[in-house]
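Enquirer: This structure is in structure tokens; I'll ask about it shortly.
The values are calculated or read from the model by the stated rules, or taken from the named source; none is laboratory data. Bear in mind that the values here come from a model prediction, so they are computed numbers and not experimental data. Cβ sites come from the backbone with ideal geometry, for glycine too, and all protein chains shown count toward neighbours. Ligands, DNA and RNA are stripped out before the accessible areas are found, and what is left, the full protein with its side chains, is counted by its heavy atoms. Shrake-Rupley method; radii C 1.70, N 1.55, O 1.52, S 1.80 Å.
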Amino acid sequence: MMRFLLLFSRQGKLRLQKWFTPISEREKKKIIRDMTSMVLARQPRSCNFLHWKDLKIIYKRYASLYFCLAVDNQENELLALEVIHRYVELLDKYFGNVCELDIIFNFEKAYFILDEFLIGGEIQETSKQVVNRCIESSDMLQEDDSSEWYEVELFG
Amino acid sequence: MSPSIPLQEMIRAIRSARTQCEERGVIQRECAAIRAQFRQVDNGGARSHNLAKLLYVHMLGYPAHFGQMECVRMIASPRYSEKRVGYLGAMMLLDEKQDASLLITNSIKNDLAHSNQYVQSLALCTLACMGSAEMCRDLAPEIDRLLRASNSYIKKKAALCAVHIVRKVHDLGELFAPAARSLLAEKNHGVLHGAVVLITQLCERNPEALERFRKTVPDLVQIMKGLVISGYSPEHDVAGISDPFLQVIICFMKDLLVATNTDSTKTVGNAVLYETVLTVLDIKSESGLRVLAVNILGRFLLNNDRNIRYIAMTSLQRIVGTDHNAVQRHRGTIVDCLKDQDASVKRRALELSLALVSASNIRTMMKELLLFLSSCPPGAQIRCVCVSVRYAPSQRWHIDTILHVLTTAGGDVRDETVPNLIQLITNTSELHCYTVHKLYRALLTDISQPSLVQVACWCIGEYGDLLLKGECQETEPSQVTEDDALDALETVLQSHMSSPATRGFALTATMKLSTRITENVDRIRSIVSIYGSCMDVELQQRAVEYNALFRKYDHMRAAVLERMPVIEKNSSGHTNGETAGDAVKEIQPAAVKQTGPLLPQQPANQVCDLLDLLGGSEEPLQPSTALGLPNSTSTAGGDLLDLLGGLELTPLAPVPVYEKDGVSLTLICEKTSDSGMTVTLTASNSTDSDISVFTLQAAVPKSVQLHMKAPSGDFLPARGAAKVTQMVALNNPNKVNLKMRIRISYNTSQGSAYQDTVQIDSFPGL
């Protein structure tokens, strides 16, 4: 099970945070501080896996953003790397050549995409197409902000 | 997709703020505006934007709890856009610890039954993210309904929501078990994935579920086969491997279910490979598969990618206990990883190397490990030392290694290393010469490492004569004069880097040298007397005592400062050492007891009936009557025992308590329980005539219970040809100060009867 996912910039500014377990605000702040300092201190070509308390931390840097995922000890680290990569691909497909600014200005969309991909700390949908289609449909629904609802057929 | 302009403008404004102060100002203004707008009943579509702005501010770290009620209101709104942001806000601002979270339970319930699947999905997602136990209990039946009868989009979300519920409320696992089983028949990968995770959770919590789901193993194998063999499926493909996520999760589940056969060792990419390796190792698969798995891990080790090497070493660590030989084959690569730049890889390599050390490869491994020592974190040195202790091929190598560790990283070594090392040195008598030369040279070069300095001082003091002799087969001969040795010790004494304990070592060593050297005794006397007025109480006491040894008891100096006997390790704790140490501490210079076996005659008016003791002895008994210092050597040992803390003499050294007219009595104490002990009294006769009818009687203070066992005999032949032993069992439940009076009576060969009494006030070994 994944415990949390953090995105932060090279300067340590938080861009996205998703917590899959209930943690107090103070704890969250502390964890964010710890993670940013640990990950930012790593050498460029070092191993992507860290140990922190009883969790494994998998991080990957994409351009100016660090994606930091914490998983339980029995999880497969290589798979976690794939999860991070898959999320980046989803963002890329949605925003078209995604960059950090996209995530800053459209953070709620980033969250929505994440919620289509992961739920409760587990992978929800393994197909990129399905996730993208869902997001598009949800967006259409949002635009069509009238009181009339209509069913959207989905292949699946 | 229409951009939410107000939100983006605010973000731009915040980002363009040049200082923290400016940023705070902007945010405060915005928050005030948002709060005002929240209070308004309805302001059209701007509500969602306001909440989004608040969420952004929250992410920057500013307080946003006033948005909680707004989230609740928005979730209840009929508009999808508002619901969406409302649920997002709920996930970010509310968690199960907040009271407001309960308020959304009803909304979630309604939304779960909504006709639109996206609304349902929002509700499911939120429940899975932050659902508390009560919420889960309330909504579990709903989730179960959704698991059975809905489209696959909802089913997969419901499955994962069920996983969350099971994690929160274990009992509800029963509710979902039947639905989970049927989900496995789905074709949709998302649903399959969710189903597998759900079943994994159920099996982890509940062993009966495990039994039931064991039957699904063939289905799983079927699915796996389908994934691996079937054609290219563009939807789920990741770089040529069809749906690795599903494959991995199925492997993980088979971990639990103990499949009897897995044909999943086809090379399908590293992540899947890794997971299958773990599966194979965890389940009781046949040995062929295990060998294959270890080989795959070996291949991983040679991979250039650091990540792969890291996980390979992690997995090898797990199996090194069972498949030791298989892992040994890769030892070379692992040791190379010690030199890697990356800290994580180095740590893993170190742990694995330490696990791999064995008697056969200890020399090479230690060489590598010692090279690594200089760059590695402190905890590792201690483990290196422990490892070397277990497998040392020869004493000399062992001593060399520990010295090396001490010189490179002595500051971080644990305290027990010093006494352990000293014990080791005393045990290897043939290497004394070599050891002391080496330590002396080490001392000359560097006196900053406390443990090294302490050991070196001790050795110089103890084996100073060997040092000064100069010749030694194992090292190059070097001429060390007495002055050199004393200079070295004085440097330690005066250095500001020495701790008080180290100075104590050095002082005692200097004192010991007074018997080992011939010419510079005066110099030693002057050093010792300087410290008689030292600020440190411990050093001052020692110096004063040593001074006394010089002045009043010079005849005993040689005996007191003799070489120490071989120290044996035993488990009865610190007590022995401390008591002997206490005994030494009690010595007042003016009232130094005689060492050895001399015992002053009891003044006549103090010959009491032994039985009087039982009535409670009020008479002041001279504290110094009975207990002589246990052994001449143990006086000096007593000092050191304080410093070394845990080191103790073997408690089985007999303590002489009485010596008169050739009849001597010694005592050995052994603690048998918290309040009980056994005292063994041994009598011997060194006169030229035999002694017969030798009996002992003993008395103890009131609350102590005494039980004398039968003596071994009552005849003491001349010249110590045989001894008589008698065991006495004592029980001291009230832990009073233990004293014992012993009356000795015997007949000489001429027929005259002798009687004598001796009182023992403190027992070594207590």
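Enquirer: Quick check: residue separation of B:Q750 and B:D446 times 0.36 nm, minus the Cα distance between them. What number comes out in nm? Each step should come with its number before you reach the end.
Expert: Working: separation 304, 0.36 × 304 = 109.44 nm, distance 6.73 nm.
Extending this stretch completely gives an extra 102.7 nm.
Enquirer: Here's a follow-up. Put +1 on the Cβ of each Lys and Arg and -1 on the Cβ of each Asp and Glu in chain A; which of A:T21, A:V83, A:Y59 then has its Cα farthest toward the positive end of the dipole?
Expert: Farthest towards the positive end: A:Y59.
Enquirer: Let me ask something else about it. First measure r as the distance between the Cβ atoms of B:N361 and A:H51, then evaluate 1/(1 + (r/R0)^6) with R0 = 25 Å and state the FRET efficiency to the nearest 0.05.
Expert: On the way: r = 27 Å, r/R0 = 1.09.
Working from the Cβ atoms, E equals 0.35.
Enquirer: I would also like to ask the following. How high is the relative contact order of segment A:13-91, given as a whole-number percent (alpha carbon pairs under 8 Å, six or more residues apart)?
Expert: Over segment A:13-91, the number comes to 17 percent.
Enquirer: Oh, and also: Which peptide among B:526-532, B:365-371, B:298-304 comes first, and what is the full order, when sorted by highest mean count of other Cβ atoms within 10 Å?
Expert: Ranked from most to least packed, the peptides come out as B:365-371, B:526-532, B:298-304.
Enquirer: While we're on this one: Which FRET efficiency value, to the nearest 0.05, is calculated for B:N731 and B:A559 with the Förster distance at 35 angstrom and r the Cβ-Cβ distance? Working shown, then result.
Expert: Working: r = 36 Å, r/R0 = 1.03.
Efficiency, rounded to the nearest 0.05: 0.45.
Enquirer: Taking beta carbons within 10 Å but only from partner chains, what does the mean come to for residues A:72-82? Display every interim value, and only then the final one.
Expert: Working: counts 0, 0, 4, 3, 12, 6, 14, 10, 1, 3, 9.
Taking the mean over all residues of the peptide, I get 6.
Enquirer: Near the amide H of B:A698, under 5 Å away, which other amide H atoms are found, from residues 5 or more places off or on another chain, if H is placed in the peptide plane?
Expert: Excluding prolines and chain starts, which carry no amide H, the hits are B:R743.
Enquirer: While we're looking at this one, here's another question. Convex hull over the alpha-carbon atoms of segment A:2-155: what's its volume per residue in Å³?
Expert: Roughly 134 Å³ of hull volume per residue.
Enquirer: Taking the alpha carbon gyration tensor of segment B:690-766, what are the square roots of 5 times its eigenvalues, largest first, to the nearest whole Å?
Expert: Details: eigenvalues 153, 32, 22 Å².
Square roots of five times the eigenvalues give 28, 13, 11 Å.
Enquirer: So which lysines pass the test for B:K438, namely a Cα distance under 17 Å, with those fewer than 8 places away in the same chain ruled out?
Expert: The qualifying lysines are B:K469.
Enquirer: Can you pull out the buried accessible area for chains B and A, both sides counted, probe 1.4 Å, rounded to the nearest 100 Å²? Don't skip to the end; give the middle numbers.
Expert: Details: alone 36270 and 9760 Å², together 39610 Å².
Protein heavy atoms only, the B-A interface buries about 6400 Å².
Enquirer: Taking a 20 Å limit on the Cα-Cα distance, which of the listed pairs A:K18/A:K60; B:K83/B:K157; A:K93/A:K128; A:K109/B:K53; B:K671/B:K709; A:K109/B:K109 fall beyond it? Display every interim value, and only then the final one.
Expert: Working: A:K18/A:K60 16 Å; B:K83/B:K157 18 Å; A:K93/A:K128 9 Å; A:K109/B:K53 13 Å; B:K671/B:K709 16 Å; A:K109/B:K109 25 Å.
Those over the limit are A:K109/B:K109.
Enquirer: For segment B:11-79, run through the chymotrypsin sites (Phe, Trp or Tyr not before Pro) and keep only the ones in DSSP coil with at most 10 other Cβ atoms within 10 Å of their Cβ. Don't skip to the end; give the middle numbers.
Expert: Details: sites: B:F38, B:Y56, B:F66; in loops: none.
Passing both the DSSP loop test and the Cβ count: no residue.
Enquirer: Averaging sequence separations of C-alpha pairs under 8 Å and six or more residues apart, then dividing by the length of segment A:2-155, give the relative contact order as a whole percent.
Expert: Values: 159 pairs, mean separation 30.9, N = 154.
It rounds to 20 percent for segment A:2-155.
Enquirer: How about segment B:40-104: which trypsin sites (Lys or Arg not before Pro) there lie in a loop by DSSP and see at most 14 other Cβ atoms within 10 Å?
Expert: Working: sites: B:R47, B:K53, B:R73, B:R79, B:K83, B:R84, B:K97; in loops: B:R79, B:K97.
Qualifying residues, ordered by number: B:K97.
Enquirer: Residues in segment B:662-680, backbone N under 20 Å from the label point at B:Q705 (7 Å along the Cα-to-beta-carbon vector): list them, ranges by number please.
Expert: Counting backbone N atoms under 20 Å from the label point, the list is B:670-680.
Enquirer: Quick one: putting +1 on the C-beta of Lys and Arg, -1 on the C-beta of Asp and Glu, what dipole do you get for segment A:2-155 around its Cα centre, in Debye to the nearest 20? Kindly include the intermediate steps, with their values, before the conclusion.
Expert: Values: 21 positive and 25 negative charges, 301 e Å.
In debye, rounded to 20, segment A:2-155 gives about 1440.
Enquirer: Mind checking the dipole of segment B:1-128: about its Cα centre, +1 per Lys or Arg Cβ, -1 per Asp or Glu Cβ, Debye to the nearest 20?
Expert: Values: 15 positive and 11 negative charges, 50 e Å.
Using Cβ point charges on Lys, Arg, Asp and Glu, segment B:1-128 gives about 240 debye.
Enquirer: Can you tell me the orientation of helix A:77-95 relative to chain A, as the angle in degrees between its alpha-carbon axis and the longest Cα principal axis, to the nearest 10?
Expert: Computed tilt is about 40 degrees.
Enquirer: Of A:M2, A:V39, A:Q142, which is farthest towards the positive pole of segment A:2-155's charge dipole, taken about the Cα centre with +1 and -1 on the beta-carbons of Lys, Arg and Asp, Glu respectively?
Expert: Result: A:V39.
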